[in-house]
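Throughout, read-outs are computed from the coordinates displayed, never taken from laboratory work. Please read these numbers as outputs of a predicted model, since none were measured by experiment. In this analysis, Cβ positions are derived from the backbone assuming ideal geometry, glycine residues included, and neighbour counts consider all displayed protein chains.
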C-alpha cells in the first residue's frame, strides 16, 4: 500500500513513520528534510518539498497517486484547500490530523466520545482545527472526498516534557526549585506515548470502514496534573515542590501559556476509545506515564547539550510564584 505522510518526522508522526515501514507500507515522506532529531526511516522515500509552496509540491508529485495521504501539518482552512486541490482524484483515503482540543471546552459530559460536540470558544489553534474538519466534512458530503479525521490528545515521546518550559521544568525540579501547576492540580488529563498512538493510526491506514469517520486515539490512563509532575520528580529521584496558580493568573503573565490552559488543559479530559478499538483491535496502550517519565528523564540526562535552561521562562516562573504567594 502506497502511503504519503506530509510531515512525518514530528513527535507523533515519527513513531507512525517507523511503524508504517515496519508493517510493510510503501511510505513516502514529504517535508523539508530539516529534522535531525527524528530522521525519516531509511526505508521511506523522502520527497524534499515545502507543502506551503503548493505549486512546487504539485510539480514534485507529478502524476503520483496514493492509497493514503496523511497530513500532519495542516492547521488552517487554507491548508485544507491546498490539500484538496493537490489530491482530488489521486488518493483512496485522506487522513487529517486534528486535535482533541477541538471538543467542547469545557466538556459537559465525560468521558469524551467522538460524538462530543466540537466547540472551543477560547483557543484559536482549536478553532482553526474545527474549521478544517468542517471543510473536510463538506468535501466528503459534496464530492465524496475520502476523509478520515484523527484527533490526538496530549502525545509525547522521550524528547517532550509535558510541563510548560521543557527542560527548564526538569532543571527546577533537579535543583529543588518550585514549579508551577495550574489550578489545584486535580484536573484529570490523558498522556499518550507516541509509539502507542502509532498502533491506532497505522491500523487506520487504508481501512475502508474509516472513511467518513472521526477517531480520537489516546491512552486509557487518567492522571491529575499533580501526579504528572510527581512522576517526573520520582524519575529524577527528587521531591516536587508544587505551587498551584489559577490558569487565568498564568495567562496574565504568558498569554500563549494561558491560551493552552484555558482552551484545553484547565479542564479534565478523559476519553472513550471504544471506536478506534473496534476498527483496530491491536490498539492497546502499553506505556504508563511512570515509565514514560523515566524515558524522558533518561533522554535529557544522557546528554548535557539537551539540558538548555530558558532563563527568560525561569524568570517569569519566579514572578508568577512570587505573585501567587503574595496574593
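Rounded to the nearest 0.05, what FRET efficiency is calculated for residue 284 and residue 188 with R0 set to 22 Å and r the Cβ-Cβ distance?
For R0 = 22 Å, the calculated efficiency reads 0.60.
Consider the candidate values (1) 49, 21, 16; (2) 44, 23, 18; (3) 35, 22, 19; state which one is semi-axes √(5λ) of the Cα gyration tensor in Å computed from the structure displayed.
It is the value labelled (3).
For each of 161, 211, count neighbouring Cβ atoms within 10 Å of the residue's Cβ, then give the residues from fewest to most.
Result, fewest neighbours first: 211, 161.
Rounded to the nearest 0.05, what FRET efficiency is calculated for residue 142 and residue 75 with R0 set to 22 Å and r the Cβ-Cβ distance?
So, using R0 = 22 Å, E works out to roughly 0.45.
For each of 205, 110, count neighbouring Cβ atoms within 10 Å of the residue's Cβ, then give the residues from fewest to most.
By the 10 Å Cβ count, ascending: 110, 205.
Using a cut-off of under 15 Å, list every residue of segment 1-26 whose amide N is near the label point 7 Å from the Cα of residue 60 along the Cα-to-beta-carbon line.
Hits in segment 1-26 for residue 60 at 15 Å: 4-10.
Which semi-axes, in whole Å and largest first, does the equivalent ellipsoid of segment 256-315 have when worked out from the alpha carbon gyration tensor as the square roots of 5 times its eigenvalues?
With the √(5λ) rule applied to segment 256-315, the semi-axes are 31, 22, 8 Å.
Please sort 24-31, 68-75 by packing, taking for each peptide the average over its residues of neighbouring beta carbons within 10 angstrom, highest first.
Answer by packing, highest mean first, reads 68-75, 24-31.
How long is the gain from residue 115 to residue 238 if the chain were fully straight, where each residue apart is worth 0.36 nm and the alpha carbon distance is subtracted?
Full extension of this stretch gives 40.1 nm more.
Just for the chain, what percent of DSSP beta bridges are antiparallel, to the closest 5?
Of the beta bridges lying entirely in the chain, close to 10 percent run antiparallel.
Can you put 316, 64, 1 in order, fewest other beta carbons within 10 Å first?
64, 1, 316
Return P(r) of segment 24-85 (all Cα-Cα pairs; 5 Å bins starting at 0; whole %; ordered from short to long distances).
Percent of pairs per bin, in order: 3, 15, 27, 28, 18, 8, 1.
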